[in-house]
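J.: For reference, the structure I am asking about is given below.
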Amino acid sequence: MANLESYRSSVDLVRFEELEERGSAASARPGEGFIRGYPLLTLSVAIGTRLGPYEVVASLGAGGMGEVYRARDTRLGREVALKVLAGEIAVDSSRRARFEKEAQAASALAHPNIISVYDVGESEGTVWIAMELVDGRTVRDLLAAGALPVRRTLDLGVQIAEGLAAAHAAGIVHRDLKPENLILSKDGFLKILDFGLAKLDERTPSSEGPTVTAGAPKTEPGTVMGTVGYMSPEQAAGQALDFRTDQFSFGSILYEMATGNRAFQRKTGVETLAAILRDEPVPVAESNPAAPAPLRWIIERCLAKEPDDRFASTRDLARDLKSVRDHLSETSAGVPVAAAVRRGRGPWLFPALAALVAGLVAGAVGMRALFRPSTAAAPSFQRLTFRRGTIAGGRFAADGKTVVYAASWAGQPSEVYATQEGSPESRTLGIPRATILAISSTGELAVSLSRRYLVGFETVGTLARLPLNGGAPREVLERVTDADWSPDGQQFVVARPEGGQWQLEYPLGRVLASCPGWIDRPRLSPDGKRIAYAEHPQRGDQMGRVVVVDTSGKRLFQSGFDNSINGLAWSARGDEVWFSGAGIQALLPSGRIREVLRIAGPIELFDIARDGRVLIVESSLRREIRGVAPGESVERDLSWHDWSFPADLSADGRTLLFVEQGAAAGADGYLTYLRKTDGSPAILLGRMRGLSLSPDGRLVLAHGTTDPPPLLVLPTGAGSPRTLSTHGIAWQWGTWMPDSRHAVVQGSEPGRPSRLYVVDTESGAARPFSPEGVTLYGGSVSPDGKLVAAQDPERRPTLYSVKGDPPRLVPGMKEGEVIIRWSPDGQSLYVASPWSVPVGVDRLDVASGRREPVHRFVPEDAAGVINVGPALVSA
């Protein structure tokens with residue numbers, strides 16, 4: 001019966017599309033004919049009707065899922081588009097569920113190229129969604145006159161791709177992308193409309209099987225949903241779908257914008273379906289010889305019959321298309337665009353084997369190769385280091401010949417070394433436990449002493465200065481994350497934590513910018529008038545944006561929030577900011593991004609010499625989880641992909657919540673998994689960042705990947721994820737309370753330091769209970785739910801009362817230690833000094849400060865291991 005129903009659905013869609021392709025839909029008016037592939041439905045809501053706070057003003061049209069009206073929000077006085085579920089299908093439980101899923105899916109997407117959903121509700125049996133009202137023209141309207149100019153095609157294509165990338169990053173697939181669902185507003189923003197056929201992605205880009213699908217009515221194999229002419233082959237065949245089906249539909253639209261013709265159009269819908277499955281479209285070059293080669297290649301890749309032959313992530317697709325747009329005058333000549341190779345990234349560190357590489361250039365031609373890579377030969381490379389270990393930083397010296405770098409070779413503590421191009425040897429500068437930060441124009445070093453990790457990639461150390469030719473370091477400032485010299489070598493710009501947030505200071509003591517997450521990589525421009533730095537909204541995570549300010553702190557320009565930033569430097573001419581994460585990219589003063597270098601393998605940008613040479617580190621990176629399961633005595637490797645981070649451990653120690661943040665998840669994503677500690681296969685829960693597993697094991701507290709990230713509650717079994725209201729708060733970290741209903745979450749209001757909140761995960765209500773400047777430890781809620789272990793604004797371990805009683809310090813803790821979990825009796829805390837090698841876990845008595853050792857994690861091979869942490873202990 002279900003299969004027959006699915007088959008009828010597919011036939012109906014084909015028949016309606018035939019009428020649309022023959023022109024019936026184009027001539028239809030309200031009250032007659034066909035609209036968007038479905039029989040036109042009679043108006044079910046009268047003008048002047050009130051649906052919740054919305055007063056219906058006029059009809060805008062109808063679609064397969066319902067009718068759309070212009071309405072006025074009586075509370076805010078603004079006009080909205082009100083989509084109402086059609087009366088004829090309101091009784092159909094599957095269609096109504098799809099309609100409600102549209103609201104859930106679209107409301108979770110905050111992006112300028114996706115229609116905004118304001119509200120959803122039901123009034124006297126009428127279900128409705130209030131959405132952003134866009135006054136503009138659809139892409140179908142634009143195509144009425146034929147092919148669009150190349151520049152227009154690329155501008156619109158980039159906006160569509162970026163909107164899709166945001167949806168796909170949230171695990172949402174549109175499944176009905178076509179020109180009618182794309183509208184260009186009068187202010188130039190293209191909006192993706194109608195997620196009425198959207199559902200949560202059943203298969204992630206890298207998964208080997210279906211995820212635990214949350215709530216959406218599942219499309220069984222054999223069901224065809226979408227619009228003929230823009231369906232992917234797997235959609236036309238009724239197969240399981242993932243984000244790559246939207247890439248195919250997007251390729252069909254891009255093809256039509258570039259050529260003026262549909263990629264797959266035959267006399268009937270059935271013949272069109274057959275063409276999608278077996279035929280190739282007429283080459284773009286035949287229809288539009290002016291289309292640049294890179295654009296043609298992107299279209300061809302999107303229209304690949306096999307999903308595996310399309311883009312590994314839609315973010316890659318958007319970036320490649322943006323690169324073509326930004327280099328239109330160059331790519332018009334047919335210059336190839338290299339395929340992207342993404343670096344895995346994430347907030348906690350990893351074993352690594354690294355080699356320092358200098359990109360060498362020969363004269364002016366070589367310099368042009370780096371600044372304009374699409375018009376010259378690729379740069380050459382020269383390897384500078386050959387030992388086994390980890391490299392933490394490097395700079396060109398003022399003489400232009402010497403390279404100074406910090407490395408931990410063969411598992412030994414980090415030291416500062418100097419070498420020169422062409423020499424296989426390096427000499428130590430005799431600065432133990434130090435990392436190089438910068439070299440001044442006068443040859444003086446800025447180093448970080450006794451550097452240690454706080455959380456994730458965040459590090460702090462003591463800023464010190466000393467001559468390159470030797471001498472004892474002179475300490476300048478404690479707890480500094482990163483620093484750079486002014487061009488005259490007299491002042492420092494620094495990034496450092498203070499009062500619960502990170503500050504950018506120049507000169508020392510003068511705050512130019514702050515961030516509730518963290519800041520690193522401050523770099524002064526060669527003329528000393530601008531400062532570039534990396535701003536990361538989430539503690540410990542490298543995801544963020546590049547920001548450029550002047551010396552008064554005024555923001556001049558910045559990149560978008562879609563990059564993993566692990567390196568940053570001003571270009572040799574000082575007119576661009578180069579940064580690494582996904583290859584090397586350049587941020588222009590206009591805010592545009594151009595591709596500088598793509599290379600097979602993860603790289604990190606350290607420095608750029610004034611003659612154009614580039615200093616990078618090439619690494620083989622991996623992060624692993626190891627632990628001892630209940631009843632066992634030997635550590636087991638519980639890693640899954642390449643970058644596994646342990647988020648939480650169940651009370652019985654048998655279930656691990658962990659997050660993948662490397663190549664498997666994509667450059668800008670997270671994959672959250674559950675895995676039994678006996679070594680059973682991991683179960684993928686979704687594309688989000690898991691934070692904490694509820695005590696009853698039924699829920700996961702998580703957040704999304706947008707900025708600011710939404711707070712999510714995800715069931716470990718069947719059910720839908722729920723997005724909690726942000727209340728204007730940027731959530732950063734959280735952990736469940738004992739009742740599995742409330743959570744303690746660290747967050748910050750705009751422009752304010754972080755503090756702690758109790759969040760009701762059912763109603764979404766949030767109540768602050770700590771002063772500002774307080775940061776959360778890991779599993780830090782006491783067994784009775786009354787106390788929370790946190791760091792006060794002075795970074796001291798402190799117990800805060802959820803009810804607001806006076807806080808009290810934790811006795812006996814050492815500097816740099818963190819609290820892992822309370823003991824079941826509430827009398828002790830498990831503590832550790834993470835981010836070191838090895839790491840020990842102790843049990844600390846809360847009243848007396850006495851401690852006893854519990855476990856010690858020691859890597860089998862310390863070479864290349866940066867640190868060990870975090871540590872988890874079961875209740």
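J.: Inside region 376-425, counting only strands (runs of 3 or more DSSP E) that do not spill past its ends, which hold 1 or more residues that are of a type in the set (Val, Ile, Thr), buried (at least 22 other Cβ atoms within 10 Å of the Cβ) and without any contact (Cβ under 8 Å) to a residue 40 or more places away in the chain? Even if it seems obvious, please write down each step before you answer.
T.: Numbers: elements: 380-383, 389-396, 402-409, 415-420.
Qualifying strands (runs of 3 or more DSSP E): 415-420.
J.: Conditions first: (1) crowded, with 19+ Cβ neighbours inside 10 Å; (2) touching a Ser or Thr at 6+ places or on another chain (Cβ under 9 Å); (3) at pLDDT 85 or above. Pro738 passes all but one, so which condition is the exception?
T.: It is condition (1) that Pro738 fails.
J.: Confirm whether Asp842 is charged (D, E, K, R), open to solvent by less than 20 Å² (accessible area, probe 1.4 Å) and modelled with pLDDT of 85 or more. Spell out the reasoning first.
T.: Working: charged (D, E, K, R): yes; open to solvent by less than 20 Å² (accessible area, probe 1.4 Å): no; modelled with pLDDT of 85 or more: yes.
No: the conditions fail for Asp842.
J.: Filter region 520-568 down to the residues that are acidic (Asp, Glu) and either modelled with pLDDT of 95 or more or assigned to a strand (DSSP E or B) (or both) and list them by number.
T.: If we filter region 520-568 for residues that are acidic (Asp, Glu), which is where we start, we get 520, 527, 535, 541, 550, 562.
Asp520, Glu535, Asp550 - these are the residues of region 520-568 that are acidic (Asp, Glu) and either modelled with pLDDT of 95 or more or assigned to a strand (DSSP E or B) (or both).
J.: Say whether the condition of being open to solvent by 50 Å² or more (accessible area, probe 1.4 Å), at pLDDT 70 or above and closer than 21 Å to Leu190 by Cβ is met by at least one residue in region 64-78.
T.: Yes: one or more hits.
J.: For region 254-302: of the residues being in a helix (DSSP H, G or I) and without any contact (Cβ under 8 Å) to a residue 12 or more places away in the chain, which is most open to solvent (accessible area, probe 1.4 Å)?
T.: Filtering region 254-302 for residues in a helix (DSSP H, G or I) gives 254-259, 269-278, 284-287, 293-302.
Those left that are additionally without any contact (Cβ under 8 Å) to a residue 12 or more places away in the chain: 271, 274-275, 278, 285-286.
Working: Glu271: 87, Ala274: 29, Ala275: 1, Arg278: 173, Ala285: 44, Glu286: 133 Å².
The qualifying residue most open to solvent (accessible area, probe 1.4 Å) is Arg278.
J.: Same structure, new question: Taking region 460-518 as the region of interest, how many residues are part of a strand (DSSP E or B) and either among the basic types (Lys, Arg) or within 28 Å of Arg610 (Cβ to Cβ) (or both)?
T.: Looking only at region 460-518, we keep the residues that are part of a strand (DSSP E or B), and these are 460-467, 474-480, 482-485, 492-498, 501-505, 511-515, 518.
Next, from what is left, pick out any that are either among the basic types (Lys, Arg) or within 28 Å of Arg610 (Cβ to Cβ) (or both): 461, 463-467, 474, 476-477, 479-480, 482-485, 492-496, 504-505, 512-513.
Total meeting the criteria: 24.
J.: Quick check on region 689-712: of everything there that is surrounded by 22 or more Cβ atoms within 10 Å (Cβ to Cβ) and β-branched (Val, Ile, Thr), which residue is modelled with the highest pLDDT?
T.: Step by step, filter region 689-712, then rank; the result is Val700.
J.: Something else now. Somewhere in region 618-633, is a residue among the aliphatic types (A, V, I, L, M), over 28 Å from Asp527 (Cα atoms) and part of a strand (DSSP E or B)? Talk me through it step by step, then tell me what you get.
T.: Within region 618-633, the first condition is being among the aliphatic types (A, V, I, L, M), and the residues that meet it are 621, 625, 628-629.
Within this subset, residues satisfying the condition of being over 28 Å from Asp527 (Cα atoms) are 621, 625, 628-629.
Retained after the next criterion (residues that are part of a strand (DSSP E or B)): 621.
For region 618-633, residues among the aliphatic types (A, V, I, L, M), over 28 Å from Asp527 (Cα atoms) and part of a strand (DSSP E or B): present.
J.: Collect the residues in region 845-864 that are open to solvent by 30 Å² or more (accessible area, probe 1.4 Å) and over 19 Å from Ser782 (Cβ atoms), keeping them in residue-number order.
T.: Within region 845-864, the first condition is being open to solvent by 30 Å² or more (accessible area, probe 1.4 Å), and the residues that meet it are 845, 847-848, 850-862.
Within region 845-864, Glu852, Pro853, His855, Arg856, Phe857, Val858, Pro859, Glu860, Asp861, Ala862 meet the criteria.
J.: Looking at region 432-451, can you tell me whether even one residue there is basic (Lys, Arg) and either closer than 23 Å to Asp520 by Cβ or touching a residue at least 60 places away in the same chain (Cβ under 8 Å) (or both)?
T.: At the first step, the residues of region 432-451 found to be basic (Lys, Arg) are 433, 451.
From the residues that got through so far, the ones that are either closer than 23 Å to Asp520 by Cβ or touching a residue at least 60 places away in the same chain (Cβ under 8 Å) (or both) too are 433, 451.
Yes - at least one qualifying residue is present in region 432-451.
J.: Just one of (1) assigned to a loop (DSSP other than H, G, I, E, B); (2) open to solvent by 10 Å² or more (accessible area, probe 1.4 Å); (3) at pLDDT 90 or above trips up Leu177, so point out which.
T.: Leu177 satisfies all of (1) assigned to a loop (DSSP other than H, G, I, E, B); (2) open to solvent by 10 Å² or more (accessible area, probe 1.4 Å); (3) at pLDDT 90 or above except (2).
J.: From Gly544, Gly560, Gly540, grab the single residue that is more than 14 Å from Arg496 (Cα to Cα), open to solvent by less than 20 Å² (accessible area, probe 1.4 Å) and not basic (Lys, Arg). Before the answer, list the steps.
T.: On the way: Gly560 fails: open to solvent by less than 20 Å² (accessible area, probe 1.4 Å); Gly540 fails: more than 14 Å from Arg496 (Cα to Cα).
Just one listed residue meets the conditions, Gly544.
J.: Filter region 637-651 down to the residues that are in contact with a Gly (Cβ under 9 Å, 6 or more places away or on another chain), in a loop (DSSP other than H, G, I, E, B) and open to solvent by 30 Å² or more (accessible area, probe 1.4 Å) and list them by number. Show your work before the answer.
T.: Taking region 637-651 as the starting set, the residues that turn out to be in contact with a Gly (Cβ under 9 Å, 6 or more places away or on another chain) are 637-638, 641-651.
If we keep only those that are in a loop (DSSP other than H, G, I, E, B) too, we end up with 638, 641-642, 650-651.
Within region 637-651, His641, Asp642, Ala651 qualify.
J.: Another question, if that's okay. Report, ordered by the first and then the second residue, all pairs with beta carbons closer than 7 Å, sequence separation of six or more or different chains, a first member in region 663-677 that is at positive phi, and a second member that is at pLDDT 70 or above.
T.: Gly666/Ser313; Gly666/Arg315
J.: Tell me, please, whether a residue that is out of contact with any helix residue (DSSP H, G or I) (no Cβ under 7 Å at 6 or more places or on another chain), touching a residue at least 60 places away in the same chain (Cβ under 8 Å) and among the polar types (S, T, N, Q) can be found in region 774-795.
T.: Looking for residues that are out of contact with any helix residue (DSSP H, G or I) (no Cβ under 7 Å at 6 or more places or on another chain), touching a residue at least 60 places away in the same chain (Cβ under 8 Å) and among the polar types (S, T, N, Q), one finds at least one in region 774-795, hence yes.
J.: Pairs under 8 Å by beta carbon, first residue farther than 23 Å from Pro526 by Cα in region 489-515, partner among the β-branched types (Val, Ile, Thr), six or more apart or different chains?
T.: So the pair list comes out as Pro497/Val460; Pro497/Thr481; Gly500/Val774; Gly500/Thr775; Trp502/Thr481; Trp502/Ile519.
J.: Among the candidates Gly567, Gly669, Gly662, Gly612, which residue alone is closer than 18 Å to Gly540 by Cβ and in contact with a helix residue (DSSP H, G or I) (Cβ under 9 Å, 6 or more places away or on another chain)? Step through it out loud before you land on a result.
T.: Working: Gly567 fails: in contact with a helix residue (DSSP H, G or I) (Cβ under 9 Å, 6 or more places away or on another chain); Gly662 fails: in contact with a helix residue (DSSP H, G or I) (Cβ under 9 Å, 6 or more places away or on another chain); Gly612 fails: closer than 18 Å to Gly540 by Cβ.
Being closer than 18 Å to Gly540 by Cβ and in contact with a helix residue (DSSP H, G or I) (Cβ under 9 Å, 6 or more places away or on another chain) holds for just one of Gly567, Gly669, Gly662, Gly612, which is Gly669.
J.: Also, quick follow-up: Take Asp842 and decide whether it is more than 23 Å from Leu756 (Cα to Cα) and free of Cβ contacts under 8 Å to residues at least 24 places away in the same chain. Please lay out each step first, then the result.
T.: Values: more than 23 Å from Leu756 (Cα to Cα): yes; free of Cβ contacts under 8 Å to residues at least 24 places away in the same chain: yes.
Answer is yes for this residue.
J.: Shifting gears a bit: Among the residues in region 246-254, are any within 29 Å of the chain's Cα centre (by Cα) and of a type in the set (A, V, I, L, M)? I'd like the intermediate steps shown before the answer.
T.: Taking region 246-254 first, the residues within 29 Å of the chain's Cα centre (by Cα) are 246-254.
In the following step, the residues that additionally are of a type in the set (A, V, I, L, M) were identified as 253-254.
Within region 246-254 (the criterion being within 29 Å of the chain's Cα centre (by Cα) and of a type in the set (A, V, I, L, M)), the answer is yes, since at least one residue qualifies.
J.: Considering each of Ile608, Ile625, Ile599 in turn, give the residue that is of a type in the set (A, V, I, L, M), within 30 Å of Ile439 (Cβ to Cβ) and modelled with pLDDT of 85 or more. Full working, then the answer.
T.: Values: Ile625 fails: within 30 Å of Ile439 (Cβ to Cβ); Ile599 fails: modelled with pLDDT of 85 or more.
It is Ile608.
J.: State yes or no: is Val837 in contact (Cβ under 8 Å) with a residue 40 or more places away in the chain, aliphatic (A, V, I, L, M) and open to solvent by less than 40 Å² (accessible area, probe 1.4 Å)? Break it down into steps so the answer makes sense when it comes.
T.: Numbers: in contact (Cβ under 8 Å) with a residue 40 or more places away in the chain: yes; aliphatic (A, V, I, L, M): yes; open to solvent by less than 40 Å² (accessible area, probe 1.4 Å): no.
No, not satisfied.
J.: May I pose another question? Among (1) more than 23 Å from Phe311 (Cα to Cα); (2) hydrophobic (A, V, I, L, M, F, W, C); (3) modelled with pLDDT of 90 or more, where does Val270 come up short?
T.: (3)
J.: In addition: With the structure loaded, tell me whether Thr723 is of a type in the set (Ser, Thr, Tyr), over 14 Å from Arg539 (Cα atoms), part of a loop (DSSP other than H, G, I, E, B) and modelled with pLDDT under 90 or whether it fails that test.
T.: Values: of a type in the set (Ser, Thr, Tyr): yes; over 14 Å from Arg539 (Cα atoms): yes; part of a loop (DSSP other than H, G, I, E, B): no; modelled with pLDDT under 90: yes.
No.
J.: For region 796-814, give me each residue that is open to solvent by 50 Å² or more (accessible area, probe 1.4 Å) and either in contact (Cβ under 8 Å) with a residue 24 or more places away in the chain or more than 32 Å from the chain's Cα centre (by Cα) (or both). Talk me through it step by step, then tell me what you get.
T.: Pass one, region 796-814, residues open to solvent by 50 Å² or more (accessible area, probe 1.4 Å): 796, 803-809, 814.
Result: Lys803, Gly804, Asp805, Pro806, Pro807, Arg808, Leu809, Lys814.
J.: Let me ask something else. Hey, can you tell me all the residues within region 609-623 that are open to solvent by 20 Å² or more (accessible area, probe 1.4 Å) and in contact with an Asp or Glu (Cβ under 6 Å, 6 or more places away or on another chain)?
T.: Answer for region 609-623, where residues must be open to solvent by 20 Å² or more (accessible area, probe 1.4 Å) and in contact with an Asp or Glu (Cβ under 6 Å, 6 or more places away or on another chain): just Arg622.
The values are calculated or read from the model by the stated rules, or taken from the named source; none is laboratory data. No experiment lies behind these values; they were computed from the predicted model shown. Note that we place each Cβ from the backbone using ideal geometry, even for glycine, and neighbour counts take in every protein chain shown. Note: accessible area is taken over every heavy atom of the protein model, side chains too, but ligands, DNA and RNA are not part of it. Shrake-Rupley method; radii C 1.70, N 1.55, O 1.52, S 1.80 Å.
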